[in-house]
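Written out below as structure tokens is the structure these notes cover.
Just so you know, all these numbers are worked out from the coordinates, no wet-lab data involved. The shown structure was predicted, so the numbers you read here are calculated from the model rather than taken from an experiment. Cβ sites come from the backbone with ideal geometry, for glycine too, and all protein chains shown count toward neighbours.
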Amino acid sequence: MPKKKEQPYFPLFVDLSGKKVYVVGAGTIAKRRIRSLIDFTGKLTVIAPEVNPELHEMERMGEISILKKKYESSDIFDADLVIAATNDHTINEDIYRVCKERGILVNVCSDKKKCDFYFPGLAIRDNVVVGVTANGTNHKKARLVVEKIREMMTECW
């Protein structure tokens, strides 16, 4: 039987404005995910025992909420979408398990096989949003495409 070609991800634009989004972790990758999400959701909560001044400023501006604590599985029971972005494999594994059991969409930043979705490279201008992904395999190629799209958007407006 021939090997099945890996299916690409379907580009789906979702209204996150009323959804509860949690990011567990506050490191470099977590901050990138938070920056990508804050313009699209009004209910983004960061769970981490320590956070840096940039995240504190985002909280002060009302862009995010912070639960300054160690993650517990009950923290995400009401979530609609969860990003596991800690540097602790055991915690990320627990987040994945809880999300799968509860039907919550999850992205485990350290394991692309444990992602219901990928973060696209974004090109945004006015109300036009373009997302680009290479199915999590070639970030450099996706980034180059996003840069070209941003150039085109600048030329069009």
**Item:** Using a Förster distance of 22 Å, the FRET efficiency for residue 128-residue 43 (Cβ separation, nearest 0.05)
**Value:** 0.35
**Over the stretch 36-99, relative contact order from alpha-carbon pairs under 8 Å, at least 6 apart, %** = 28
**Filter on 68/114; 69/100; 69/113; 43/68; 20/140 - keep pairs with C-alpha separation over 21 Å** = 68/114; 69/100; 69/113; 20/140
**Request:** Go through the stretch 58-63 residue by residue and turn each phi into a ³J(HN,Hα) via Karplus (6.51, -1.76, 1.60, θ = phi - 60°); whole Hz please, and just put x for glycine and proline.
**Result:** 4, 5, 4, 7, x, 7
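Say a site is exposed when it is one of the GluC sites (Glu not before Pro), sits in a DSSP loop, and has at most 16 other Cβ atoms within 10 Å; what is then the longest site-free stretch of the chain?
So the longest stretch without any such site is 73-157.
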**Message:** Can you give me the Kirkwood hydrodynamic radius for the stretch 9-100, using every pair of distinct Cα atoms, in Å to one decimal?
**Reply:** 13.4
**Message:** Quick one: 3J(HN,Hα) in Hz for the stretch 116-130, Karplus 6.51/-1.76/1.60 with θ = phi - 60°, rounded, Gly and Pro as x.
**Reply:** 6, 7, 10, 8, x, x, 10, 10, 10, 8, 6, 9, 9, 10, 10
**Request:** Could you calculate the contour length gain from residue 13 to residue 117, that is, 0.36 nm times the residue separation minus the distance between their Cα atoms, to one decimal place in nm?
**Result:** 36.3 nm
**Request:** Give the Cα extents of the chain along the principal axes, in whole Å, largest first.
**Result:** 52, 44, 26
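Using the crude model of +1 on Lys and Arg Cβ and -1 on Asp and Glu Cβ, and no other charge, please compute the dipole size for the stretch 84-150 relative to its Cα centre, in debye to 20. Intermediate values should be presented prior to the final figure.
Details: 12 positive and 8 negative charges, 78 e Å.
Computed about the Cα centre, the dipole is about 380 debye.
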**Prompt:** Under 5 Å between amide H atoms, partner at least 5 residues away or on a different chain: which partners does residue 26 have, H built in plane at 1.01 Å?
**Reply:** none
**Request:** For residue 100 and residue 74, calculate 0.36 nm times their separation in residues minus their Cα-Cα distance, and state this gained length in nm to one decimal.
**Result:** 8.0 nm
**Request:** Round to a whole angstrom and tell me the spacing of the C-alpha centers of the stretch 1-52 and the stretch 111-139.
**Result:** 10
